Amino acid sequence: MFKSIFTKYLSVLTLIVLISFTAMGLVQMLLFTRYWVQEKQDWMERASTSVSVLTSERTVYNAREQQYEISTAALSPLLKPLASIDNAHVLVVDNAGSIVICSGGASCPHETKAIPESILKKIANPEDGKQFFSLGTLDGIYTSAQYVSACTITVGDDQAQIGYAFVSIPSDSLGDYVKDNIRLFLLSALGVLALTFVVVYILTYRLVRPLREMATRRFGEGDFSMRIPVTGKDEIAELATALNNMAISLSGVEDMRRSFVANVSHELKTPMTTIAGFIDGILDGTIPPERQSHYLKIISDEVKRLSRLVRSMMDLSRIDAGQLRINRVSFDLMEATCSTLLLFEQRLEDKHITVTGLEDCDYTEVHADFDLIGQVIYNLLDNAVKFTNESGTIDIRFARQDGRILYSVRNTGAGIPRQEMQHIFERFYKSDKSRSLDKSGVGLGLYIVKSIINLHHGEIVVRSVENEYTEFAFWLPDTGEGKSAADKPRS
């Protein structure tokens, strides 16, 4: 789905603001929670120490029983005001863990319970040297989780331990505190977000509005005729000016450059491969000395053809731009075809391919561009040799007929699937079958052939039956300037 720069920029900035506020809120909640817990822990430690002192001061020694006794009547009224803070609970426990005093009064269920010995040991002998503080139910003393602080109660000069002082508050109070802070944060954050969104929207719209007017999509579609209005002297204006200059520069050369690069990469490799093959044959002795002059002549002709081909490729770029004028000369199709066939001699022998049809062709002189038509013949024969089956046949025929010069190349083989026939002349198109036989091609040969034939005001067609044959046939208009078979020079 299409998204404008305005939408993307606004979305990104809004997302950044939201993430920032969310992160800030999480950090704030974490800090607030830690602060609350630490504050409550400090208060509860002070409170439990105060309970220990109050209890110690209201403890008397019973000489008859030889033990200390806590004055519950004197101590209980002092614990209730302390317990009223933050809905706290205060417990005074003897050394055995039995609850002696509970701030809940006579109806408090805690007095029927006892603190486990494991917890008492932790209070009397703290591992880290700090006062006992935990979150839990004290092994069932409380029905819900509580923050609990506790310390020992000692009396006398010898600091004899007579029990433990506990102060606890419900853990739910932390949740209430966090909820209040979240509510306050959200209200303030929503206000800031609304203001931020309005400011970002205005700034983003003002930034992107000139880009909308550029409509550079037409440049991407190859339309370089439009010009972008330039307003202001900022970076956007500089961008618009640069795009206008780019459109002017690319308007006349982009198609030629694209066609030239693509076609050169495809077409230059065939003459170079032929030259390299014959030279290697001479160097490794595959070609006997008595035949070397013959193949050196082919190499020389191929080098010349390579030079012409480079020039032709440049001309083809101009064809696509509609700027090329063909150089018409009169030449014999038979001679052009036979000269081209010599370039495929080794490949024809390797695949045991039989060439037919030329024995029935008359001398046919055509008035056309020699290099371009030679390139057409070469490409059609190259395809025919490439896709002909082993021991297959290539049939070549041409003649002057009904004001046209007809030329066809037909080869046996796998043929072209019906669904691919309509794409066969498209640039860079390769059929599925051809990929297994022609892994080095890039699908430009037939496009070039069609372009050249169209330039000569002719037409090319393809006919094929799968697993039987493929035939490429083209016609050129007979201008009347070529010679007929009767006008052929006699030797």
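For the reader, a short list of remarks on this structure follows.
- Thr273-Leu186 pseudo-label distance in nm [points 7 Å out on the Cα-to-Cβ vector]: 7.2 nm
- Near the amide H of Val329, within less than 5 Å, lie the amide hydrogens of Ala368, Asp369, Phe370, all on another chain or at least 5 residues away, with H placed in the peptide plane.
- Amide H to amide H, with H built 1.01 Å from N, Tyr164 comes under 5 Å of Val93, Asp94, Ile153, counting only residues 5 or more places away or on other chains.
- Counting 0.36 nm for each residue step from Met421 to Tyr61 and taking away their Cα separation leaves a gain of 118.1 nm.
- In this label model, Asn125 and Ser173 are separated by 3.2 nm, measuring between points 7 Å along each Cα→Cβ vector.
- Under 5 Å, built H, 5+ apart or other chain: amide partners of Gly357: Ile396
- Pairwise FRET efficiency - Asp402 versus Val462, Cβ, R0 = 25 Å, nearest 0.05: 0.75
- Stretch gain in nm, segment Ala96-Asp332, where the contour uses 0.36 nm per residue and the Cα spacing is subtracted: 72.5 nm
- Label positions at Lys233 and Glu117, each projected 7 Å from the Cα along the C-beta direction, are separated by 9.2 nm.
- When each of the peptides 153-166, 325-338 is scored by how many other beta carbons lie within 10 Å of its residues on average, the order from highest to lowest is 153-166, 325-338.
- When the convex hull of its Cα atoms is projected in every direction, mean area for region 57-98 (nm²): 3.7 nm²
- Size of charge dipole - region 81-190 - debye, nearest 20, with Cβ of Lys, Arg +1 and Asp, Glu -1, no other charges: 300 debye
- Maximal additional length on extending the Arg206-Met29 stretch stands at 60.0 nm, based on 0.36 nm per residue less the C-alpha distance.
Every read-out reported here was derived from the displayed coordinates using simple, explicitly stated rules and does not represent laboratory data. Since we're looking at a predicted model, the values are computed, not measured. Note that we place each Cβ from the backbone using ideal geometry, even for glycine, and neighbour counts take in every protein chain shown.
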